[in-house]
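**Q** Before anything else, here's the structure in question.
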Amino acid sequence: MSRERERSARAPRVWCAGAAGGQEAYSIAMVMHRFYGGWPFGNQPGVLATDIAVSSLQAAVDGIY
């Protein structure tokens, strides 16, 4: 498999900066799921959500919206 083809077959990864409560990252995951028609990659795409407010990130990790 060519390097370009191998790269396109991998699950996409997205960085969501300033994702205070986690809703942003969750929305990105839902849009990606709809766009790709599920997860045809053999594994789920990655969504990395970061923020400078540690308390907000903890709420997002806990899934409290």
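**Q** What residues qualify as long-range amide H neighbours of Cys16, i.e. H under 5 Å apart, gap of 5 or more or another chain, H built at 1.01 Å from N?
**A** Distant-sequence amide H within range of Cys16: Leu48, Ala49, Thr50.
**Q** Please compute the length gained on full extension between His33 and Arg13, using 0.36 nm multiplied by the number of residues separating them and subtracting their Cα-Cα distance.
**A** 6.0 nm
**Q** Could you tally the net charge around Ala49, taking each other residue with its Cβ under 15 Å from the Cβ of Ala49, Lys/Arg +1 and Asp/Glu -1?
**A** -2
Rule-based calculations on the coordinates, nothing more; no lab input. Just so it is clear, the structure is predicted and the values come from calculations on it, not from any experiment. Here the Cβ is made from the backbone with ideal geometry for all residues, glycine too, and neighbour counts use every protein chain on show.
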